[in-house]
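Written out below as structure tokens is the structure these notes cover.
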Amino acid sequence: MASEKIILPSRNAEASASPRGGFNWSLIMGAAFLMATSAVGPGFLTQTTVFTQTLGASFAFVILVSILLDIGAQLNIWRVIVVSKKRAQDIANELLPGLGYAIAGAVALGGLAFNIGNIGGAGMGMNVLFPSLSPIAGAGISAVIAVTIFLLKDAGKIMDRFTVLMGGALIAMTLYVLFSTEPPVAQAMYRSVWPEHIDVIAIVTLVGGTVGGYITFAGAHRLVDAGVTGQEALPQVNRGSISAISLASLVRIILFLAALGVISQGVTLDPTNPPASMFQHAAGNVGYKIFGLVLWAAAITSVIGAAYTSVSFLKTLHPLIEKHARGFIIGFIVASTLIFCFIGKPVALLIIAGALNGFILPVTLGTMLVAAKKKAIIGTYQHPGWMSLIGWGITVMMAMMSLYTLYNMLLK
């Protein structure tokens, strides 16, 4: 029996038996939370607090622009993947032989690099919660928890529920810190449309960190694996895609306002760990412990999302990976953990992976938009013209901004 059937038992039957043309809230929200929690990792927490400190209330404009770009990109990508009933790399290979393999390799490399950081973040979160545990020991325990989820019989269903639970807890805890800081909400709303500064690098970083690399495909590939495909699934795709971006954006906004509340009081965040500093200033030692739990929740869900989605790309490389997908997912998590524990975070690899994320989005989005016009791939489906127009606009903008960002990185 194929491993994928073990991971996601009876999902196809469950989807087809659901009311309203296969609509299944549990499955759709599971896919949405998988994507959203994949985006919300240790890097997400650090980026948000650092950019809030450097841009102040004007960071609201960056968040607003990134949300609009995220929604436009993800709607296009998810719709084409689900209608075609194929994963992104298979679509790319049909358009241009070899392109899918190149995309799969780049996405998997980025996924591995970021997963090393995610495992490290989970270890640091455990260390904050339990000081007697070293970050390496915490990373090992976190890896065991992630691996256990994929070893269980109903791993797909449990993965969905775990990401929903952890995502909800993350939002609730960050909200608690937000209400402890009394941020200048009116000023943030004003600066969201009239910023003092516009930071292109911040926009690229946020978009790349939310829908770049493997992240935007996490939910779409989850739906394909669960059998939620075809034109009849488009209502679910629309809801799931927008819900995923909304959830990730909600966490970003809450975290931004909490950081802005602390910074507006004249506090300078500790540059060695800005998020921890922000939580501690907002709510004292309780806030510091909440930070540990938030960091762990963000990291462990990102570990699961990165491993699942990276392997979903590698399935194209060899039938053996498709057949033993669960084993490869577990191996991906174990490899990330071993690299973190014995070598440490490869900074150069993380920088390269971060830059790749900015470039991967215009390539993958452009590929999906071309595929949306190929009847051999999407059949009788007609992709809305206005959606294609928005998608190509985002593709060009992200390509130009990514080149600008890379140029500045090279200068530095």
* Asked: What do you reckon, is GLY105 assigned to a helix (DSSP H, G or I), free of Cβ contacts under 8 Å to residues at least 60 places away in the same chain and not aliphatic (A, V, I, L, M)?
  -> yes
* Asked: Which is under 22 Å from the mean Cα position of the chain (by Cα) and either modelled with pLDDT under 85 or among the acidic types (Asp, Glu) (or both), of ASP225, ASP154?
  -> ASP225
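Please find, among SER66, SER58, the residue that is in contact (Cβ under 8 Å) with a residue 24 or more places away in the chain, under 20 Å from the mean Cα position of the chain (by Cα) and more than 15 Å from VAL370 (Cα to Cα).
Values: SER58 fails: under 20 Å from the mean Cα position of the chain (by Cα).
Going through SER66, SER58 in turn, just one is in contact (Cβ under 8 Å) with a residue 24 or more places away in the chain, under 20 Å from the mean Cα position of the chain (by Cα) and more than 15 Å from VAL370 (Cα to Cα): SER66.
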* Give the residues of the stretch 209-227 that are in a loop (DSSP other than H, G, I, E, B), at negative phi and open to solvent by 10 Å² or more (accessible area, probe 1.4 Å), sorted by residue number. => none
* **Selection status of GLY100, in contact (Cβ under 8 Å) with a residue 24 or more places away in the chain and either within 25 Å of SER249 (Cβ to Cβ) or not hydrophobic (A, V, I, L, M, F, W, C) (or both)** => yes
* Structure fact -> How many residues of the stretch 283-320 are under 23 Å from LEU165 (Cβ atoms), among the small types (Gly, Ala, Ser) and open to solvent by 10 Å² or more (accessible area, probe 1.4 Å)? The answer is 1
* Selected residue (criterion: most open to solvent (accessible area, probe 1.4 Å)) from residues of the stretch 271-282 that are of a type outside the set (A, V, I, L, M, F, W, C) and not in a loop (DSSP other than H, G, I, E, B) -> HIS281
* Of all the residues that make up the stretch 322-343, how many are open to solvent by 20 Å² or more (accessible area, probe 1.4 Å) and either assigned to a helix (DSSP H, G or I) or touching a strand residue (DSSP E or B) at 6+ places or on another chain (Cβ under 9 Å) (or both)? -> 15
* Limited to the stretch 130-145, what total is found for residues that are assigned to a helix (DSSP H, G or I), in contact with a helix residue (DSSP H, G or I) (Cβ under 8 Å, 6 or more places away or on another chain) and either of a type in the set (Val, Ile, Thr) or at pLDDT 90 or above (or both)? -> 9
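So if I check each of GLY100, GLY123, which one is closer than 30 Å to PRO362 by Cβ and either more than 20 Å from the chain's Cα centre (by Cα) or in a helix (DSSP H, G or I) (or both)?
Exactly one residue qualifies, and that residue is GLY100.
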* Asked: Pairs, please: C-beta under 9 Å, at least 6 apart or cross-chain, first residue more than 16 Å from LEU338 (Cβ to Cβ) and in the stretch 119-132, second of a type in the set (Lys, Arg)?
  -> VAL128/LYS289; LEU129/LYS289
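The values are calculated or read from the model by the stated rules, or taken from the named source; none is laboratory data. Note that the coordinates shown come from a computational prediction; the quantities given were computed from them, not determined experimentally. Counting neighbours? That spans all protein chains shown, and the Cβs are built from the backbone with ideal geometry, glycine included. Remember, those area values only see protein heavy atoms, side chains included, never the ligands or the DNA or RNA. Shrake-Rupley method; radii C 1.70, N 1.55, O 1.52, S 1.80 Å.
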